[in-house]
Amino acid sequence: MIKFLDLKKQYLSIKDEIDLAIQNVINDTAFVGGKYVKEFENSFANYNNSKYSVGVGNGTDALEIALQSLDLPKDSEVIVSANSFIASAEAVSRVGLKVRFCDNNEYYNIDIEDLKKQINPNTSAIMAVHLYGQACQIDEILKIGKENNLKVIEDAAQAHGAEFNSKKVGNFGDIACFSFYPGKNLGAYGDAGAIMTNNSELAEKCRLIANHGSKEKYHHQIEGRNSRLDGINAAVLNVKLKKLDEWNKIRREIAQYYVENLKNIDEIILPKEIENVYSVYHLFVIRYKYRNKLIEHLKNDGVETGIHYPISLPKLEAYKYIKQECSYMRATNWDKELISLPMGEHLTIKECEYIVNSIKNYFKIK
Ligand SMILES: Cc1ncc(COP(=O)(O)O)c(C=O)c1O
């Protein structure tokens, strides 16, 4: 069986370091907050060449807290890419704002032309998702944001280490959010997330919101919430952050191998990379009209696949209440064709060859 993701194999490759890191947290009883969390926040900010990083409970909380910190007018609209995980939109509604969907382009990120169309007097912000590990066209988005006086939140949950014009994502908008869900390029051993910003006021505000509105224990300045990165996850992330670049490089090599070997199959649409972008291929997503048949064929050959995402956000039952015409969007039509091939540093070259050959057999190509 070729796994879509193999966290056990990854753990075994770094077992000694991880076991020691976790044991140290227990020895120091540094369970919530403490030196391991500080160390990770500093290392993660340094890794991204960003000033501030605030550890939180998960990526969804990061988005909610970041949005709250921006103090956007109640009921104003935030534009969200129609092709994303629900959290990108969910966070908007959870903080009393309204979701407005925007189509995606052939890179599966915000389509600039549709973005311009969706902006209206009630728009207050843009949720710029860097989907599948590829940076969105953030320069254009920032330009449009500036022209229309809109805040820009980067959802970098799938893009740890990705770059745009040689600059790490998370440094472009007003504020950025990361998820360390276990299967991410940088994944914890449980739920975890971080907010990143170069704005000290926003960083402080996020930290306050995430910690019951208090800087000093029992001195609550505002009503906040409990969303903190815990010591054990921080310690795991400290170990794994050191591997991130190497693992991202392997992901890129696998992507290159897939592209090189599948490029002649006309029926398949391969992911495209924007020239000035360093994609970290959180996912390698292809499109094929008869998606389910190919998935079944790969399954019979022992290859796991995924779909990201089988139902685009505007078509979800959860968003039935939004009366926005989205049927023209690529995002709402392409969701029937998407397939994610196995991706990650766990794959061997032999396994990649096997996957490619299985796909070629399906298309009866020698
Ligand atoms: C694009 C995107 N945004 C936000 C999130 C939410 O992160 P979490 O699962 O850590 O809450 C995810 C996680 O899957 C994601 O893929």
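Cross-link list Lys74/Lys146; Lys184/Lys272; Lys151/Lys242: which exceed 26 angstrom alpha carbon to alpha carbon? Intermediate results must be reported in sequence, preceding the final value.
On the way: Lys74/Lys146 20 Å; Lys184/Lys272 21 Å; Lys151/Lys242 32 Å.
Those over the limit are Lys151/Lys242.
From the Cα trace of the range 141-255, what convex hull volume per residue do you get, rounded to a whole Å³?
Expressed per residue, the convex hull around the Cα atoms of the range 141-255 is 130 Å³.
With a 1.4 Å probe and every protein chain left in place, work out the accessible area per residue of the range 244-362 in Å², rounded to a whole number. The partial results should precede the final answer.
Numbers: 6040 Å² over 119 residues.
Ligands and nucleic acids excluded, the figure is 51 Å² per residue.
Taking all protein chains together and a probe of 1.4 Å, list His220, His282, His212, His160 from the most accessible to the least accessible.
Numbers: His220 105, His282 20, His212 75, His160 0 Å².
If we order His220, His282, His212, His160 from most to least accessible, we get His220, His212, His282, His160.
How high is the relative contact order of the chain, given as a whole-number percent (alpha carbon pairs under 8 Å, six or more residues apart)?
22
Excluding Asn292 itself, calculate the net charge of residues whose Cβ lies under 11 Å from the Cβ of Asn292, where each Lys or Arg counts +1 and each Asp or Glu counts -1.
Here the count lands on +3.
What number comes out for the charge environment of Lys249, summing +1 per Lys or Arg and -1 per Asp or Glu over other residues with Cβ under 12 Å away?
Counting the neighbours of Lys249, the net charge comes to -1.
What 222 nm value per residue comes from the helices of the chain, counting each DSSP H run with n ≥ 4 as -39,500 (n - 2.57) and dividing by all residues, nearest 500 deg cm²/dmol? It would help to have the intermediate numbers written out before the result.
Numbers: 13 runs with 140 residues, N = 366.
After summing the helix terms and dividing by residue count, I get -11500 deg cm²/dmol.
Please list 64-76, 248-260 highest first by mean number of surrounding beta-carbon atoms within 10 Å per residue.
Most protected by this proxy first, the peptides run 64-76, 248-260.
Give me the net charge of Ser81's neighbourhood, meaning all other residues with Cβ under 12 Å from the Cβ of Ser81; Lys, Arg count +1, Asp, Glu -1. Let's see the in-between values first.
On the way: positive: Arg100, Arg330; negative: Asp103, Asp111, Asp114, Glu154, Asp155.
Combined, the nearby Lys, Arg, Asp and Glu give -3.
What shape does the range 1-147 take by its C-alpha gyration tensor, where a ≥ b ≥ c are the square roots of the eigenvalues and a/c under 1.5 counts as rounded, a/b above b/c as prolate, and the rest as oblate?
Numbers: a/c = 2.46, a/b = 1.73, b/c = 1.43.
It is prolate, given that a/c is not under 1.5 and a/b is the larger ratio.
Per-residue HN-Hα couplings for the range 325-333, Karplus 6.51 cos²θ - 1.76 cosθ + 1.60 at θ = phi - 60°, whole Hz, x for Gly and Pro?
6, 10, 5, 6, 6, 4, 4, 7, 9
So for each of 312-318, 188-194 I average, over its residues, the number of other beta carbons within 10 Å; can you give me the resulting order with the highest mean first?
Numbers: 312-318: 17.4, 188-194: 23.1.
The packing order, highest mean first, is 188-194, 312-318.
Classify the range 1-86 as rounded, prolate or oblate from the Cα gyration tensor: take a ≥ b ≥ c as the square roots of its eigenvalues, call it rounded if a/c is under 1.5, otherwise prolate when a/b beats b/c and oblate if not.
Taking the square roots of the gyration eigenvalues as a ≥ b ≥ c, the range 1-86 is oblate.
At 1.4 Å probe size, with the rest of the protein present, what percent of the exposed accessible area of the chain is carbon and sulfur atoms?
On the way: 8130 of 16720 Å².
Heavy-atom surface of the chain belonging to carbon and sulfur, 1.4 Å probe: 49 percent.
If the chain between Glu325 and His220 were fully stretched, how many nm would it gain, using 0.36 nm times the residue separation less the Cα-Cα distance?
33.4 nm
At 37 °C and a viscosity of 0.692 mPa s, what translational diffusion coefficient does Stokes-Einstein give for the range 244-362, taking Rh as the Kirkwood radius over Cα pairs? Give it in µm²/s as a whole number.
Taking Rh from Cα pairs, D becomes 210 µm²/s.
Work out from phi, with θ = phi - 60° and the Karplus expression 6.51 cos²θ - 1.76 cosθ + 1.60, the ³J(HN,Hα) of each residue of the range 106-119, listed in order in whole Hz, and give x for Gly and Pro.
5, 8, 6, 10, 3, 8, 5, 5, 5, 4, 4, 6, 7, 5
Among Phe180, Phe101, Phe85, which one shows the highest mean-square fluctuation when the chain is modelled as a Gaussian network with alpha-carbon springs under 10 Å?
Of Phe180, Phe101, Phe85, the Gaussian network model singles out Phe85 as fluctuating most.
For the chain, what is the convex hull volume of the alpha-carbon atoms per residue, in Å³?
Measuring per residue, one finds 133 Å³ for the Cα hull of the chain.
How far, in nm, would the chain grow between Leu12 and Asn333 when pulled straight, counting 0.36 nm per residue and subtracting the alpha carbon separation?
Length gained, Leu12 through Asn333: 111.5 nm.
Just subtract the alpha-carbon distance of Glu204 and Lys360 from 0.36 nm times their residue separation and send over the number in nm, one decimal.
That works out to 50.8 nm of additional length.
How high is the relative contact order of the range 254-366, given as a whole-number percent (alpha carbon pairs under 8 Å, six or more residues apart)?
Answer for the range 254-366 is 35 percent.
Mind ordering 165-174, 30-39, 234-243, 330-339 by average Cβ neighbours within 10 Å, highest first?
Descending mean neighbour count gives 234-243, 165-174, 330-339, 30-39.
The values are calculated or read from the model by the stated rules, or taken from the named source; none is laboratory data. Everything quoted here is computed from the prediction, not taken from an experiment. Virtual Cβ from ideal backbone geometry, glycine too; neighbours counted across all protein chains shown. For the accessible areas, the whole protein counts, side chains as well, though only heavy atoms, and no ligand, DNA or RNA atoms are used. Shrake-Rupley method; radii C 1.70, N 1.55, O 1.52, S 1.80 Å.
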